[in-house]
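Each value in this text was obtained by applying a stated rule to the coordinates, not by laboratory testing. Remember, predicted model here, so these are calculated numbers, not experimental data. We place every Cβ from the backbone using ideal geometry, glycine too, and count neighbours over all the protein chains shown.
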Amino acid sequence: MLTNTINIIHWNCQGFNAHGPEYLWSLSKSSKLPDIICLQETWYNKQEEHTQIKGYNLASYSVRNTKKKDGGTAIYCRDNIRYTKGNIISKLETSSINIKIDNKTITVVNIYDSATDTKEAEYENIFKQVKNDIIMCGDFNAHHTLWGSNSIQTKGRELYNFIVNNNIVILNDGSGTRLNPINLETSCIDISLVSPNISHKATWAVDHSSTHGSDHFVVSITLNEKPDYKNESVFKWNYAKADWNGFSSKCDQILCEDMVTCNTQETCTLLTDTITNIAGEFIPVRKSNNKSNKPSVPWWNTNCTKAVKDRNKARNKAQHTGNGQDFKNYKEKQNKCRKILNDSQKQYWESYCDSMNSDTKLSKVWYNIKRMLGKVTEKKEIETLIDNNNIYETTKDKADLLAQKFCTVSSTNNYNEEFKKHKAVIENNDTSSVQFYTSQN
């Protein structure tokens, strides 16, 4: 559904493979999906390890390239929103994208900073690389009373100086964003910063209903600005219902030698348009399906839902009362919930394996494996291309650019003179052979 606002969430998931499924399940039940999802501590080491979220593109990411599973950031963008990948160079773990809203560009920078000694200059370094209005969000691991902390620490003071010296607006309202698993006290280390030009159109909130298995809550930023949606009509030919006899007959009637000229470009365009028009008469069009484009978790069941609700209820009670027994009960519910989710995933796979037989297609097996791992996407799409500072966003523009590049690479200008002469001789001989064959037949 297209709206006149754009919603950005950021969340330290503490391992998306472990806690992502619960969050994706919550999205599948939501009436409004976020437009951009910024994750910290994804714990992925390679691009191919990232989970593919249905309805979203992996727009940008960063990894640590270490054997240990930690760190990492990722930005997922709704597949109907135009974006370009950013290129921020920083000591901090960052990923970034550029989006257009109301005819202006905004850069979203997703940050995970686990260091304890980050200086103001590092934040300045990121800020100076962005020429547009900016949204900086993520887990800064910095404490200052400005955004709701109980104390001011050295790293928080450095971030504070950056905010003040660059006239940045902080959206945090003092609400806790991280839940200490030891005592269930909250702290404010997930921070949202925006340029003053867009701050008056931004609202900020923390979803305290659940941490989804992590110890961080999901933070939401909503801008009262309309994003640049893709408006390309998507359709496919329905070859199964095509009238191939009619198509073939019409091609025989219309396509002729006179359509081929010395101008390759004109010939290609004429033939393409003619064949496409004929296809329109005999091959029906199948529009893109209207199936739900919400994220899904195939192994999720009612037991998982109940376990999550029981855990969240126990946590809320323990936070409210501060009672030791309530805290103990919460920990038991938390462990039980974790076990039920793991068991459900295992049982789903075992059940599928039991259903397989000698007639089961191998492609179907791999599809289900990838589906469980979150590696299945409905479609692969080339991201927005930039060439000589020109932006190519539509499918046609991208195809034209690729064709142009291929044409340049394949040009005869790349051949040496000796090869050009040899090529000319061969082509002349081939042309003579074709003309002789045509005249004989």
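Numbers for the structure displayed
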item	result
For peptides 347-353, 53-59, sequence by mean Cβ density within 10 Å, most packed first	53-59, 347-353
Length-normalised contact order for region 302-372 - Cα pairs under 8 Å, 6+ apart - percent	30
Peptides 199-208, 360-369 ordered by average Cβ neighbours within 10 Å, highest first	199-208, 360-369
Set of aspartates and glutamates with alpha-carbon distance to Lys309 below 12 Å, sequence-local pairs under 8 removed	Glu22
Nearby aspartates and glutamates by direct alpha-carbon distance to Lys250 (threshold 13 angstrom, same-chain neighbours under 8 apart not counted)	Glu281
Nitroxide proxy distance, nm - points 7 Å out along Cα→Cβ at Cys251 and Asn65	4.9
Expected 222 nm ellipticity per residue - DSSP helices of 4 or more, -39500 (n - 2.57), all of the chain, to 500	-13000 deg cm²/dmol
Debye intensity ratio in log₁₀ form over the Cα atoms of the chain, taken at each q of 0.06 Å⁻¹	-0.38
For Phe419, Phe127, order by how many other beta-carbon atoms lie within 10 Å, fewest first	Phe419, Phe127
Over 22 Å (Cα to Cα) - which of Lys32/Lys131; Lys306/Lys333; Lys201/Lys226 fall in this group	Lys32/Lys131
All lysines inside 24 Å of Lys420 as judged from Cα atoms, apart from same-chain residues fewer than 8 positions distant	Lys405
Cα centroid separation - region 234-253 against region 343-365, whole Å	38
Convex hull volume per residue for region 6-223, taking Cα atoms only, in Å³	121
